[in-house]
Each structure stands twice: as structure tokens, then as C-alpha cells.
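Let me begin by presenting the structure, written as C-alpha cells, before commenting on it.
The values are calculated or read from the model by the stated rules, or taken from the named source; none is laboratory data. It should be emphasised that the depicted structure is a prediction, and the values quoted were computed from it without experimental measurement. Every residue, glycine as well, gets a Cβ built from its backbone with ideal geometry; the counts of neighbours run over all protein chains shown. In case anyone asks, the SASA skips ligands and DNA or RNA and just uses the protein heavy atoms, side chains included. Shrake-Rupley method; radii C 1.70, N 1.55, O 1.52, S 1.80 Å.
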Amino acid sequence: MTDTSRVFQLARRPDGAPRPDDFKLAEVPLPALGPDQVKVRNTFLSVDPYMRLPMTTLEGVHAPTDIGGEMDGGAVGEVIESTSGAMPKGSFVFSPLMGWRDLYVAGASSLVPIDPELAPLSAYLGVLGLSGMTAYAGMEYVLKPKAGETIFVSAAAGAVGMVVCQLASNHGCRVIGSTGDPRKAALLKERFGAEATINYRTEDLRASLKQFTPDGLDMYFDNVGGSHLEAALDSMKVHGRMALCGAVELYNSANYRRGPGNFFAAIEKGVTLTGFNIGLYAAQRAEMMRDLAGQLVSGALHGDETIVDGLENTGKAFVDLLAGANVGKMVVRL
Ligand code: NDP
């Protein structure tokens, strides 16, 4: 009898905000195991804003997914069959690509072993996964914060943002976070180290930012792009630093690759804008993991999650993520 996997396919390209029926759950046969291969049953799937990018026809790091093509993304799971001595049955693994499905067969070398004793499995998609490492790389390698500096963080209560806020606060920085949700604003202050918050849905972002930072911003960690990036550019100090991480405000628009309208302010103020992505920091993975895990275990870092149950709800979880339904990392539990 052939094993099958249930996997989401792209049913059509979303027009603006995605909808759950832009994705279709299909059943596909699984190949038999070859040498050094494993069969994995996923336990948690990641949904991330970047997944919106290959749903467009724009070329970039994330090449467009064909209509009917399988969705991919991060996942953690358990090895249930193995021909690999290094990754026996019963091991737990992270895959950067084999999300949006329940079962898969892959080469053992394409997977990363994870330790379920150190942290819950879902943490390897969040605070100890690509989100946490993205926050870490942007803070420790790009912005290099100093105590007493002021930082503005956008999408501050999300998977990357909550870690950025806490790392900055642990460095002794003054943290201002933006969110579109008062419940998240309260958490930012109570739990994630923010001194002040701005609700970009109900407030004038530019005016509030200027009000909180009359002397200007030393740093901006940009998860949102668009109007947030423009407001931050207006509020930067001379020689301020920006870590350009993502542009979620633009992901549902016709061209997510466009830049800010007031770019010239960077020239006038001598602002350093450093774009980065976590793929560029593979060599630092062990160092990032060690430091993040140390802070998590010591209680210096919280790794909040929003958990959605059921493979069949993965498309809806992704839709809800872009609409702001998550606090911390959004994951799907199988
Ligand atoms: P989040 O957990 O932050 O989820 C997305 C959040 O974005 C929502 O919860 C919502 O929060 C906010 N949001 C949605 N639409 C808007 C909008 N129009 N304006 C402002 N905020 C909005 O996701 P991640 O932490 O995974 O990702 C954050 C950013 O980091 C994304 O841009 C992503 O692409 C980027 N990223 C980049 C990586 C890299 O290597 N460079 C790696 C990982 C992520 P709210 O309710 O507050 O509006």
C-alpha cells in the first residue's frame, strides 16, 4: 500500500488580502524511502508573512509558485521511518520547506535535528526558529544597540517583533513598539519591554512617533515598510541606523518591492539603512541558537505563540496572520 500525504496547493493567486479558498488541500502519494532518507510526521507548521510573496508573479528570492504547485514553509516533526544512521526513527527535526502538509519523505541532510528537551517543539518555529534568529541577527549583527538608545520596532508584538523588543530592552534601550491591536499594546508594555506603544490603526503614526521621540530615533527595526518606514525616516536622528527586515504592509499590494517616498531623508540625515535576511546568517546559526536558548531558559526572553489546531486550518491561519490575529509566533498544531 502506498502512503499518502495531505498537502496544500496554491489554488489561485490572491487578489489583495488572501482568502482560505486560495489554497486547496490535496492528497498525493509518498515515495518509498531511498538511502539516507527519512519519513517525517509533522507536529507543528509555520505560517509566515513572506509566504505571500511567491503567490505573486514578481521574481525575487522567493520565486513564484505555480497555480496547483505545492505550498512550502517551515515545519517541525518526528521521524517515523528512517534509512539514515544520523537521524533514526524517533528523532525530531526542523524542515525549512516541508510545511503545509502532514507527512513527507526527505533526505536526512536537508533537515535540522532539534532537541525536544530544551524547549517545546513549536519554539523551533518561533523564538528558537527563523523568527527568533531574524530578530537576533537584526539586533546583534546589524543594529548593535547601546544602552540608553531609543529604538522603534514595527509589528512589535509579532514573532520577530516581540523578540526584537525584548532583546533591545535587555540591552537597556528605550523601546517604542507599533501594533494595530490594543491587547497587543498592553502585552508589549507588560511583557515585551516596551516603554511606549503606537496604534497605527487609530493614531497618526508620524505625529505619535515624533511626540515620543522629540530628540529623534537612534534605531528603527522595520517589519512593516510602507508608511511605517516613511514615518521612521522622518523621525531618525542624524547617523541613525535602520535594520530593514520586511515590509508586511506591502505584501498584499500590487508591488511589494517598492521603496519609501521620502528616501531622500536618509541622505540628508546620513542614516544607515541595512537590509538583511536570515539566509545570510547561516554561519552564525549555532551562536544565535545558543544565546537565544540561554535567554529563553533563564526567563530573560518570552516566546509567546498563537496556536491554531488542524492541518485543514493552515490556509485560514495564514490569512489570519496577515490580518493581525496573532500574538507572537503563529503556528498550526497537527
Ligand atoms: P508577525 O508575527 O509580525 O505577523 C505579521 C503581523 O504584521 C501581524 O500580526 C500584524 O500585527 C502586522 N501587520 C499586518 N498588516 C500590517 C500593516 N498593513 N501595517 C502594519 N502592521 C501590519 O510576522 P513575522 O514576525 O513572522 O514577520 C514580521 C516581518 O519580518 C515581516 O515583514 C516578515 O516578512 C519579516 N521577516 C523577515 C525575515 C528576514 O530574514 N528578513 C525573516 C522573517 C520575517 P498588528 O496586529 O500589530 O497589526
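A few notes on this one:
- Residues within segment 112-149 that are without any contact (Cβ under 8 Å) to a residue 12 or more places away in the chain and crowded, with 24+ Cβ neighbours inside 10 Å, tallied: 0
- The residues of segment 204-244 that are assigned to a loop (DSSP other than H, G, I, E, B) and touching an Asp or Glu at 6+ places or on another chain (Cβ under 6 Å), listed by number, are 224, 225.
- Subset of segment 150-173 [open to solvent by 20 Å² or more (accessible area, probe 1.4 Å) and either assigned to a loop (DSSP other than H, G, I, E, B) or among the polar types (S, T, N, Q) (or both)]: 155, 169, 170, 171, 172
- Conditions (1) within 14 Å of the ligand (Cβ to nearest atom); (2) among the aliphatic types (A, V, I, L, M); (3) in contact (Cβ under 8 Å) with a residue 12 or more places away in the chain; (4) over 21 Å from residue 156 (Cβ atoms): number failed by residue 238: (1)
- The set of residues in segment 185-196 being surrounded by fewer than 24 Cβ atoms within 10 Å (Cβ to Cβ) and either outside the structural domain of residue 167 (by TED's automatic domain parsing) or not in a loop (DSSP other than H, G, I, E, B) (or both) consists of 185, 186, 187, 189, 190, 196.
- Within the set 13, 19, 6, the sole residue that is open to solvent by 20 Å² or more (accessible area, probe 1.4 Å) and more than 28 Å from residue 127 (Cα to Cα) turns out to be 13.
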